[in-house]
Amino acid sequence: MRALICGAGIAGLALAWWLERDGWQVQLVEQADGPRDEGYMIDFFGSGYNAAARMGLLGALNAIQTPIKEVRYVDAAGKGRGRIDYAGLAATFDGRVFTFMRGDLEQVLRQALGDRVPIRHGLTVDAVADHHGGAEVTLSDGTVEQVHLLVGADGIHSRVRRLAFGPQQPLLRYLGCHSASYLFDDPHLAARIGQCAVAVAEPGRQLQVYPVPGGRLAAWLVHRTPDAGLPDDPRSAIMAAYAGMGPIADHALAQLPSGGGLYYDIVAQIELDRWCRGPVTLVGDSCQSVSLMAGQGASLAVAGAYVLAQELRHGGTPTEAAQRYQRRMLPFVRAKQRAGRRTAAWLLPRSHTGITVRAKALRLLDLPGGTQLLRPAAGPLRVSIVTPD
Ligand SMILES: Cc1cc2nc3c(=O)[nH]c(=O)nc-3n(C[C@H](O)[C@H](O)[C@H](O)COP(=O)(O)OP(=O)(O)OC[C@H]3O[C@@H](n4cnc5c(N)ncnc54)[C@H](O)[C@@H]3O)c2cc1C
């Protein structure tokens, strides 16, 4: 059986790993010219953690963890506005959680895949047509591939989804924010923040700086805006949106990359009732984006790849398997998306009052046993969709 996966991000790489292991001939095409190390720090737990354990990756993932002990919220003047103790947070998940950079996860998946599935960079899918129960796929270099299964693992703005399911709207639910992240070097700032993530929080905008392995720093920015479109010049948009947030923010903004290395996107969810159409199916953000408001996008991507591969292994046509995969994943993803929309006000308060309320709530977490308060939130996430087989 032959599969073509479009997108060598988290979902695409994980799926390629499983399909190759199950005896499929897999082709992976990726529009970027090489591996991408942009992206922010992610907490990786729940179903994705379980799926990664089955891939034998826990050791490699442990090795890429970021050295962060706590997140400290401050205002522009540097005054404390609450903190989160990461060790306490890990206890909420019984230690089954990793914190690492998205790009490092991509690298671990690439290494696990080795050269068994070559990645064809600088390519995308230009057209898809039905072909004897499978798909005839025209790639952007003009080559045509006939496969039993085409998978769109090409992220939130998926081209495969557009080709197979029609225009993006109204599937894309914009959550009112833009987000950006980048890596930079600033030894002075690195020494100042040590093993803390420092988040400068103001109404409707937040800029967080934290250390990453190798002595570098990362910045993660998120701000509210009614504009659902991407700016022509993300760099200028960032300089305007985060001006006047105090010295830590100014240091970080001074290091904003001018060429590559900057991730910038809208914060949005994808709500799609059908994830497969004939021999075409979607995996990861292309069908199930929960957004950073919910977190767990990478974890869900790894889990979704596992569930799709598992269903393909269990027999029937690829279309039947993809339908079973969708039935298993969809309720879980919808619940996660709803939870994400509810936590948006917590993650990015709109007002000074909201920031104060968050600071008070964070103080409760600092009390002995306080992180138990997070259990109700963590609980549903730990209901595993990855059942032992
Ligand atoms: C460089 C990068 C940085 C990110 N940083 C953040 C972040 O800071 N915060 C956050 O919340 N989420 C971020 N994300 C999204 C996050 O990785 C996903 O939510 C999650 O990991 C789900 O993974 P995915 O594989 O479904 O999608 P993604 O990780 O987005 O991977 C999609 C892959 O498909 C490729 N691709 C896209 N379009 C095409 C196309 N037309 N043809 C071929 N290939 C294509 C992309 O280059 C990428 O490699 C980032 C994604 C990328 C690619």
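The values are calculated or read from the model by the stated rules, or taken from the named source; none is laboratory data. Just so it is clear, the model here is predicted, and its values are computed rather than measured. With ideal geometry, Cβ positions are generated from the backbone for all residues, glycine too; neighbour counts draw on all protein chains shown.
Among the residues here, Tyr263 does not qualify as modelled with pLDDT of 95 or more, among the hydroxyl-bearing types (Ser, Thr, Tyr) and either over 25 Å from Arg235 (Cα atoms) or out of contact with any helix residue (DSSP H, G or I) (no Cβ under 6 Å at 6 or more places or on another chain) (or both).
Residues are listed down the side, and each one gets a yes or a no for (1) farther than 30 Å from Leu262 by Cβ; (2) small (Gly, Ala, Ser); (3) modelled with pLDDT under 95:
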| residue | (1), (2), (3) |
| --- | --- |
| Ala77 | no, yes, yes |
| Tyr86 | no, no, yes |
| Phe93 | yes, no, yes |
| Val97 | no, no, yes |
| Met101 | no, no, yes |
| Asp115 | no, no, yes |
| Pro118 | no, no, yes |
| Gly142 | yes, yes, no |
| His148 | yes, no, no |
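In region 1-23, the qualifying residues are those that are within 12 Å of the ligand (Cβ to nearest atom) and small (Gly, Ala, Ser), and the one that is farthest from the chain's Cα centre (by Cα) is Ala16.
Could you check, for region 340-355, whether at least one of its residues is away from the ligand (no atom under 15 Å from the Cβ), at pLDDT below 95, within 22 Å of Thr99 (Cα to Cα) and of a type in the set (A, V, I, L, M, F, W, C)? Among the residues of region 340-355, at least one is away from the ligand (no atom under 15 Å from the Cβ), at pLDDT below 95, within 22 Å of Thr99 (Cα to Cα) and of a type in the set (A, V, I, L, M, F, W, C), which makes the answer yes. Scanning region 142-187 for residues that are of a type in the set (D, E, K, R), surrounded by 17 or more Cβ atoms within 10 Å (Cβ to Cβ) and within 11 Å of the ligand (Cβ to nearest atom) gives Asp154, Arg159, Arg161. Taking region 112-130 as the range and being more than 16 Å from the ligand (Cβ to nearest atom) and either surrounded by 15 or more Cβ atoms within 10 Å (Cβ to Cβ) or in contact (Cβ under 8 Å) with a residue 40 or more places away in the chain (or both) as the test, the residues that pass are Arg116, Asp130. Inside region 228-248, can you point out the residues that are closer than 24 Å to Leu175 by Cα and surrounded by 12 or more Cβ atoms within 10 Å (Cβ to Cβ)? Ala228, Leu230, Pro231, Pro234, Arg235, Ala237, Ile238, Met239, Ala241, Tyr242, Met245, listed by residue number.
Scanning region 30-47 for residues that are over 30 Å from Ala359 (Cβ atoms) and either touching a helix residue (DSSP H, G or I) at 6+ places or on another chain (Cβ under 9 Å) or part of a helix (DSSP H, G or I) (or both) yields a count of 7.
Of the residues making up region 291-323, those that are within 8 Å of the ligand (Cβ to nearest atom) and of a type in the set (A, V, I, L, M, F, W, C) are Leu292, Ala298, Leu300, Ala301. From the list Ala361, Ala309, Ala321, which one is over 24 Å from the mean Cα position of the chain (by Cα), modelled with pLDDT of 95 or more and among the hydrophobic types (A, V, I, L, M, F, W, C)? Selected residue: Ala321, the only one of Ala361, Ala309, Ala321 that is over 24 Å from the mean Cα position of the chain (by Cα), modelled with pLDDT of 95 or more and among the hydrophobic types (A, V, I, L, M, F, W, C). Evaluate region 338-354: report whether one residue or more is assigned to a loop (DSSP other than H, G, I, E, B) and surrounded by fewer than 18 Cβ atoms within 10 Å (Cβ to Cβ). Yes - at least one qualifying residue is present in region 338-354. The single condition from (1) over 23 Å from Gln208 (Cα atoms); (2) within 13 Å of the ligand (Cβ to nearest atom); (3) under 22 Å from the mean Cα position of the chain (by Cα) that Gly95 fails is (2). Filtered by the rule that a residue be assigned to a strand (DSSP E or B) and of a type outside the set (Val, Ile, Thr), region 114-124 gives Arg120, His121. Within region 266-287, if we keep just the residues that are modelled with pLDDT of 95 or more, near the ligand (Cβ under 8 Å from one of its atoms) and not hydroxyl-bearing (Ser, Thr, Tyr), the residue that is farthest from the chain's Cα centre (by Cα) turns out to be Val283. Could you go through region 67-83 and let me know if any residue there is of a type in the set (Lys, Arg), touching a residue at least 24 places away in the same chain (Cβ under 8 Å) and surrounded by fewer than 16 Cβ atoms within 10 Å (Cβ to Cβ). Checked against the condition, which is being of a type in the set (Lys, Arg), touching a residue at least 24 places away in the same chain (Cβ under 8 Å) and surrounded by fewer than 16 Cβ atoms within 10 Å (Cβ to Cβ), region 67-83 yields at least one hit.
Any residue at all in region 224-235 that is within 16 Å of Ala76 (Cα to Cα), touching a strand residue (DSSP E or B) at 6+ places or on another chain (Cβ under 8 Å) and touching a residue at least 60 places away in the same chain (Cβ under 8 Å)?
Taking every residue of region 224-235 in turn, none turns out to be within 16 Å of Ala76 (Cα to Cα), touching a strand residue (DSSP E or B) at 6+ places or on another chain (Cβ under 8 Å) and touching a residue at least 60 places away in the same chain (Cβ under 8 Å).
Pairs meeting the criteria (first residue in region 24-44 and under 18 Å from Pro257 (Cα atoms) and more than 7 Å from the ligand (Cβ to nearest atom), second residue at pLDDT 85 or above and among the basic types (Lys, Arg), beta carbons under 7 Å, at least 6 apart or on different chains) are Pro35/Arg110. The single condition from (1) more than 24 Å from Val147 (Cβ to Cβ); (2) crowded, with 19+ Cβ neighbours inside 10 Å that Gly7 fails is (1).
Checking the condition surrounded by fewer than 21 Cβ atoms within 10 Å (Cβ to Cβ), modelled with pLDDT of 90 or more and farther than 30 Å from His352 by Cα, which residue from Ala52, Ala60 passes? Break it down into steps so the answer makes sense when it comes.
Working: Ala52 fails: surrounded by fewer than 21 Cβ atoms within 10 Å (Cβ to Cβ).
Criteria check complete, one pass: Ala60.
Within region 254-268, the residues that satisfy the criterion of being buried (at least 18 other Cβ atoms within 10 Å of the Cβ) and either small (Gly, Ala, Ser) or over 27 Å from Gly284 (Cβ atoms) (or both) are Leu256, Ala268.
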